Amino acid sequence: MRKLLLTAAVAALTACGNNMNIKHLPYPVARMDSSVADDYFGTRVDDPYRWMEDDNSAETAAWVEAERAVTADYLSKIPWREAVRSRLTELYNYEKYGIPTAVGPYYFFSKNDGLQNQGVIYRQKGLDGQPEVFLDPNALSTEGTVALVSRTFSDDGKYMAYSLSSAGSDWVEIKVMDCETGQTLSDEIEWVKFSGASWAADSRGFYYSRYDKPAEGTELSGQNRFQKIYYHKLGDAQQDDRFVYGDPANPLRYFYAQESTDGKYLFVTCEEGTHGAEVLCAPAKSAAPTTFKTLFKGFENDYALVDCTGDRALFLTNASAPNFRLVAVNMRRPEVIADVIPEDPARLLEGVDAVGGCLIASYLRDAQNVVEQYNFKGEKMRSVELPGLGTVGGFGGKPEAKETFYMLTNFITPPTVYRYSLGDGTSSVFTQSAVPYDPTQFTVDQIFYLSKDSTRVPMFIVHRKDMELDGSHPCYLYGYGGFNNSVTPAFRPEVIMLLEQGGIYAVANIRGGGEYGEKWHHAGMLDKKQNVFDDFIAAAEYLIAGRYTCSSKLAIAGGSNGGLLVGACMTQRPELFAVALPAVGVMDMLRYHKFTVGWGWAVEYGSSDEAGQFPYLYKYSPLHNIKAGVHYPATLVTTGDHDDRVVPAHSFKFAATLQAAQGGEAPTLIRIDSNAGHGAGKPTSKRLDELTDVYSFFLWNTGVSFSR
């Protein structure tokens, strides 16, 4: 019966698609309910498409299917779309390696042969051993939609706990494998979100954070509350797991647990959102809700445990150090805190790893990594001589390790994994990828431009070396600008395809990110969020003034918080861009906090529930700043029907409102992926489908004729 209702509803929506002066494309007309409105401190705000927030309704499903049909029909008529798919497939078909983890005599690492939907976990004995498949997520689903989210090894090397996500959801299930036999044990942990397995030092079990089972039908949109920490002993059923910590008085908090290296202490990190933390501690063996004491009171600063051995704990923190510092805490006298690696005012201390009796400090300087090696006293041993400029990750390992591994990548160089000798500081290639393109054709420039308030902002511009600055080139401008997240150089095969077509790829390191520490972050959050949009608009104006591109060739793109960025900029300056590509965006700034874990973003954005914060949220909220009759850019909104982080209702409501308001002839489409979420773990086949559609739409609407 439900299928018949959907079919009838889709037909009805499509039949009335030419009403309301919608031009050219038969958009389904979404029902507008004028009775739905909220009063925010005396301001009435209509919400005519609120019914789209019900992801279980037949009406929402019918609208989704009708929109899919319109979008698919439009994209199918782009004459060289299959040529785009063919070149993307070639560029993605290369071996992709992860950073290895040394476990006993084995090295474990991920590898994707090229077009596999999910990376496979391999193990090999020694540096020269023959790799063998240890865990293949591709065997767990026919469409490759089951993804390996995380894996951690017990300290004795006997077990690997790993978490699996289905259809892109943030919900994961934790399982355990025997590292010697490869057998999956009976242990299964459900309803876990934003948590993996944190092993106890004795390797007999692990800690994890979970929510209660949600009510049926609310799994993907209901607000997540009352996260709790449990301890799971290997072999036990989940219902027998020991409750460790929770806070019923504060239902909107995250909790994470971690034991010290020697198993003496258990640390619990509490967070109310995406930045700021409180740290509690207790003797590990007797840890219970009543035994924890506050080590660092929250929630003004960030604290991340790097190492704890004996009574000395090392924390990375921005307390009194916006560029972060590493401090040592005497656990017997917690008030005694001393710098180990002091703050460097000229660069951001992005992360510190304790491995092999050393500290590896990763710095960020103008959005590129610099790495240094210290001893545990904080004395510098050497600068790590990296094989090139770009983004570096890795450097994990055990206290007794003699080596560690890291990965280096940039815009035109695929990731290469290196083995680093802690003794003499030398690097050697462990795995290297070969991609079918000529990197010598391209170059990367880093420039600095002035924003609206004269703030100096960096931007990377990637293009062919022989490009002439005549304003004729299609340009894909990407940004994020939030949550202290730094956007650093990374290899993307689709960018190579764009460069081959004479296009430009630009990345603006705008405020709100973490590129220059907490000051840079705070300058783009809460009531200062408009700085983020001003920075991005100024980047577009720089590219046009410098004759890299022109408005009729310029696309803006971003995902999640970056989708908000695109939505805000296209509604504030619609004439500046030819194409807008908001992906899984936070578009309704007045109601985002009412779904799943959206409440955790209030520390970044503010909340419409607060009288002092509602006005600025309403002023830039993309959904609420669409105006009827305005000529908006050609827009392709993308989302996934299983996105339980930024629920698809954001994109649904934004697309419906934009279609009804569009005053120009530019297409306004929404691409809704099935069995897909926020993006993590998306299978290669779905990723290629999406990239084909997005880049075909972008190039078609900037007048580019794709050629091989």
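Rule-based calculations on the coordinates, nothing more; no lab input. A quick note: this is a predicted structure, and the numbers were derived from the prediction, not measured. All Cβ positions, glycine included, derive from the backbone under ideal geometry; neighbour counts span all protein chains shown.
General observations
- From helices alone, the chain scores -5500 deg cm²/dmol at 222 nm; the rule is -39500 (n - 2.57) for each run of n ≥ 4 DSSP H residues, then divide by the residue total.
- Classified by the C-alpha gyration tensor, segment 572-708 has an oblate form. Its axis ratio a/c, with a ≥ b ≥ c, is 1.5 or above, and a/b does not exceed b/c.
- Across segment 441-447, coupling constants 3J(HN,Hα) worked out from phi with the 6.51/-1.76/1.60 Karplus curve, θ = phi - 60°, read 6, 10, 9, 10, 10, 10, 10 Hz, and Gly and Pro carry x.
- Residue by residue, segment 252-261 carries 3J(HN,Hα) couplings of 9, 9, 9, 9, 9, 10, 7, 7, 5, 4 Hz when phi is fed to the Karplus relation 6.51 cos²θ - 1.76 cosθ + 1.60 (θ = phi - 60°); x denotes Gly or Pro.
- Phi to ³J(HN,Hα) by Karplus 6.51 cos²θ - 1.76 cosθ + 1.60 over segment 275-291, Hz, x for Gly, Pro: 8, x, 8, 10, 10, 10, 8, 7, x, 4, 6, 10, 5, 8, x, 7, 9
- Hull-based mean projected area of segment 352-434, where the convex hull spans the alpha carbons, in square nanometres: 5.2
- Note on MET32 and ASP445: with the Förster distance fixed at 45 Å, the Cβ-Cβ geometry gives a FRET efficiency of about 0.45.
- Taking label positions 7 Å along the Cα-Cβ direction at both GLU143 and SER428, the computed distance is 4.5 nm, reported to one decimal.
- Label-point gap, in nm, between ARG312 and GLU180 - each point 7 angstrom along Cα→Cβ: 3.5
- The order of the peptides 461-474, 130-143, 391-404, 683-696 by mean Cβ neighbours within 10 Å, most packed first, is 683-696, 391-404, 461-474, 130-143.
- Straight Cα distances below 20 angstrom link LYS77 to the aspartates and glutamates GLU65, GLU67, GLU665, ASP673, ASP689, GLU690, ASP693, with same-chain residues fewer than 8 positions distant left out.
- Shape class of segment 106-211 from the Cα gyration tensor (axes a ≥ b ≥ c, square roots of the eigenvalues): oblate, since a/c reaches 1.5 or more and a/b does not exceed b/c.
- Taking 0.36 nm per residue of separation and subtracting the current Cα-Cα distance, fully stretching the chain between SER203 and ARG242 would add 12.5 nm.
- For the listed peptides 628-639, 234-245, a ranking on the average number of other beta carbons within 10 Å per residue, highest first, reads 628-639, 234-245.
- Summarising the amide proton neighbourhood of VAL340: residues at separation of 5 or more, or on other chains, whose placed amide H is nearer than 5 Å comprise LEU326, VAL327, ALA328.
- Here the relative contact order of segment 352-434, from alpha carbon pairs under 8 Å that lie six or more residues apart, stands at 23 percent.
- Placing unit charges on the Cβ atoms of the charged side chains and taking the dipole of the chain about its Cα centre, the candidate lying farthest along the positive direction among GLY677, SER707, ALA249 is SER707.
- Exceeding the 32 Å Cα-Cα cut-off - candidates LYS125/LYS682; LYS398/LYS529; LYS553/LYS653; LYS193/LYS653; LYS175/LYS380: LYS398/LYS529; LYS175/LYS380
- Share of pairwise Cα separations in the chain, more than 43 Å, in percent: 24
- Here segment 247-282 and segment 596-621 have alpha carbon centers that stand 25 Å from each other.
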